[in-house]
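Student: Input: one structure, supplied below.
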Amino acid sequence: LVEAVKVTPRGLARLNAGHPWIFRADLADGGARPETETVVVTDPRGRCMGSAFFAPPPSPVALRVYARGASAVPFDERLLAERIDLAVCRREEMLGEAAGACRLVHAEADLLPGLFVDRYEDVVVLQTATAPMDRREEVIARLLARRVAARLVVARDDGSVRDHEGLPRRKGVLFGQGSTRARFCEGTAVFEVDVLADAKTGGFLDQRENHLAAGRIAKGEALDVFTYHGGFAFALAGGAASVLAVDEDPTAVERARANAVLSGRTNVELRQADAFALLRELERTGRRFDTIVLDPPALAKRHGTVTSALRAYHELNLRALRLLRANGWLITCSCSGRVTPALFEEMLVKAASDAAREVAIVERRGAGRDHPERLGVLETSYLKCWFLRVLS
């Protein structure tokens with residue numbers, strides 16, 4: 001660390017509040033680009049406040065602080081290894097045997113900005129969103145392989161989050177060899193994923209605890225919309241008499257069918273269909289359910305604006321509420337970070353009113369414990385999974 005970047009009073013206030021991100025407008029020098037990727041962060045008087053990754057334009061986040069204090073802290077392999085080990089230890093301590101399939105590293109929440117790591121038993125998947133992490137991927141892969149005895153470590157750097165720092169989208173094997181398929185369990189359900197071919201890093205580990213919670217209250221006839229590989233559906237199948245599970249992606253449906261066989265879920269019907277069209281058709285034909293799950297993709301990203309995303313969420317929840325019997329359960333989710341909990345609840349109030357249903361919020365849930373939110377960093381809070389009871 002040989003260069004210093006000075007922040008404005010507003011940037012200093014943000015630092016003192018504990019936020020690790022400093023935006024370009026809060027750099028005192030107007031955002032001149034240092035020659036190094038890691039820098040010392042100073043206050044307006046030139047005093048060292050910590051050490052950070054620096055990102056050039058067009059990234060809106062110029063600095064990501066990884067260490068605080070009056071002395072510079074180099075981001076070397078020793079620090080990287082220590083923090084990865086601590087992150088893994090936290091999961092093992094919290095989850096026990098369930099740590100075999102979980103998020104091992106969750107970026108800023110583990111003091112590793114821009115690094116996300118998911119584990120599927122002996123296969124590990126990493127994603128990087130910052131240039132310093134991107135350049136260290138082979139080192140990270142080696143550290144992870146040694147720490148959790150992984151046979152394979154792959155990179156899934158094909159997401160849009162890399163565009164902010166101008167990083168190329170790519171994916172491939174970083175360590176090991178053999179099949180890119182992996183198996184893991186959720187309760188008594190067994191899932192197989194292809195960590196290079198399937199969505200995200202292969203599965204949706206952030207919903208794992210919500211899947212199991214849904215299974216504990218499922219009853220009667222159940223509907224799982226946007227089922228993907230069957231996460232909610234197979235959990236519902238333990239308590240429900242029957243489950244209709246739907247996804248528009250034919251590849252996901254075929255994977256779910258194979259997973260149903262692996263899991264012995266004989267009371268799950270899997271169907272390829274457009275969710276919006278199917279909900280309208282089910283309402284038209286008078287079909288009713290006791291439990292419904294809505295777990296759509298990030299509609300704010302798909303529809304472009306928060307307003308249009310909220311319209312889509314309203315349509316989904318309105319239809320689902322009309323399809324539920326009295327005393328039924330609606331488990332409704334949003335993974336759109338720009339749709340705040342307040343906006344989500346406002347949408348649900350309108351949907352319940354338009355459906356003429358009396359509804360109670362039983363539980364507001366988020367991502368699992370292996371996806372911690374950094375305190376004071378609203379940007380790390382994205383997943384909403386709310387359990388609603390239809391009273392009448």
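Student: Just to verify a result, which residue in the stretch 134-183, among those that are under 19 Å from the mean Cα position of the chain (by Cα) and in a helix (DSSP H, G or I), is nearest to PHE23 (Cα to Cα)?
Tutor: Restricting to residues being under 19 Å from the mean Cα position of the chain (by Cα) and in a helix (DSSP H, G or I), the top hit is HIS164.
Student: Here's another thing I want to ask about it. Of all residues being among the polar types (S, T, N, Q) and over 23 Å from LEU167 (Cβ atoms) in the stretch 1-54, which is least open to solvent (accessible area, probe 1.4 Å)? Just the residue, please.
Tutor: THR42
Student: Among the residues of the stretch 203-217, is there at least one that is under 22 Å from the mean Cα position of the chain (by Cα), in a helix (DSSP H, G or I), within 16 Å of GLY264 (Cβ to Cβ) and not polar (S, T, N, Q)? Quick ask: steps written out before the conclusion?
Tutor: Step one: of the stretch 203-217, the residues under 22 Å from the mean Cα position of the chain (by Cα) are 203-215.
Those left that are additionally in a helix (DSSP H, G or I): 205-215.
Pick out the ones that are also within 16 Å of GLY264 (Cβ to Cβ) and you get 215.
Pick out the ones that are also not polar (S, T, N, Q) and you get 215.
For the stretch 203-217, residues under 22 Å from the mean Cα position of the chain (by Cα), in a helix (DSSP H, G or I), within 16 Å of GLY264 (Cβ to Cβ) and not polar (S, T, N, Q): present.
Student: Taking the condition of a type in the set (S, T, N, Q) and either open to solvent by 10 Å² or more (accessible area, probe 1.4 Å) or closer than 19 Å to ALA356 by Cα (or both), does ASN267 pass?
Tutor: Answer is yes for this residue.
Student: For the stretch 72-89, give me the residue count where each residue is within 22 Å of GLY50 (Cβ to Cβ) and either free of Cβ contacts under 8 Å to residues at least 24 places away in the same chain or in contact with a Phe, Trp or Tyr (Cβ under 9 Å, 6 or more places away or on another chain) (or both).
Tutor: Going through the stretch 72-89 one residue at a time, the tally reaches 7.
Student: Between residues in the stretch 242-267 that are free of Cβ contacts under 8 Å to residues at least 60 places away in the same chain and closer than 20 Å to ALA197 by Cα and residues that are surrounded by fewer than 15 Cβ atoms within 10 Å (Cβ to Cβ) and of a type in the set (Asp, Glu), which pairs lie under 8 Å by C-beta distance while being six or more apart or on different chains?
Tutor: GLU248/ASP274
Quick grid of which residues meet (1) β-branched (Val, Ile, Thr); (2) within 21 Å of ALA320 (Cβ to Cβ):
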site: PHE226; (1), (2): no, yes
site: LEU236; (1), (2): no, yes
site: ALA241; (1), (2): no, yes
site: ALA245; (1), (2): no, yes
site: PRO250; (1), (2): no, no
site: ALA256; (1), (2): no, yes
site: VAL261; (1), (2): yes, no
site: PHE276; (1), (2): no, yes
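Per-residue answers, yes or no, for (1) among the hydroxyl-bearing types (Ser, Thr, Tyr); (2) buried (at least 19 other Cβ atoms within 10 Å of the Cβ):
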| site | (1), (2) |
| --- | --- |
| ILE292 | no, yes |
| LEU316 | no, yes |
| ARG325 | no, no |
| PHE344 | no, yes |
| LEU348 | no, yes |
| GLU363 | no, no |
| TYR382 | yes, yes |
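Student: Among the residues of the stretch 157-193, write down those that are in contact (Cβ under 8 Å) with a residue 60 or more places away in the chain and either closer than 13 Å to HIS229 by Cα or hydrophobic (A, V, I, L, M, F, W, C) (or both).
Tutor: ALA182, ARG183, PHE184, CYS185, GLU186, ALA189, VAL190, PHE191, GLU192, VAL193
Student: Considering LEU196, LEU126, LEU144, which residue is open to solvent by 10 Å² or more (accessible area, probe 1.4 Å) and touching a residue at least 12 places away in the same chain (Cβ under 8 Å)?
Tutor: LEU196
Student: Scan the stretch 248-295 residue by residue and report those that are on the phi > 0 side of the Ramachandran plot and among the basic types (Lys, Arg).
Tutor: none
Student: Go through ALA273, ALA245, ALA252, ALA298 for me and flag whichever is aliphatic (A, V, I, L, M) and buried (at least 22 other Cβ atoms within 10 Å of the Cβ). Talk me through it step by step, then tell me what you get.
Tutor: Details: ALA273 fails: buried (at least 22 other Cβ atoms within 10 Å of the Cβ); ALA252 fails: buried (at least 22 other Cβ atoms within 10 Å of the Cβ); ALA298 fails: buried (at least 22 other Cβ atoms within 10 Å of the Cβ).
Of ALA273, ALA245, ALA252, ALA298, the one residue that is aliphatic (A, V, I, L, M) and buried (at least 22 other Cβ atoms within 10 Å of the Cβ) is ALA245.
Student: Within the bounds of the stretch 273-280, is there any residue that is closer than 19 Å to LEU212 by Cα and out of contact with any Gly (no Cβ under 8 Å at 6 or more places or on another chain)? Full working, then the answer.
Tutor: Let us first name the residues in the stretch 273-280 that are closer than 19 Å to LEU212 by Cα, namely none.
Checked the stretch 273-280: no residue is closer than 19 Å to LEU212 by Cα and out of contact with any Gly (no Cβ under 8 Å at 6 or more places or on another chain).
The values are calculated or read from the model by the stated rules, or taken from the named source; none is laboratory data. Here the structure is a predicted model, which is why all the values come from computation and not from measurement. Ideal geometry is used to build each Cβ from the backbone, glycine not excepted, and the neighbour counts take in all protein chains shown. These area figures cover heavy atoms from the full protein model, side chains too; ligands, DNA and RNA do not enter into them. Shrake-Rupley method; radii C 1.70, N 1.55, O 1.52, S 1.80 Å.
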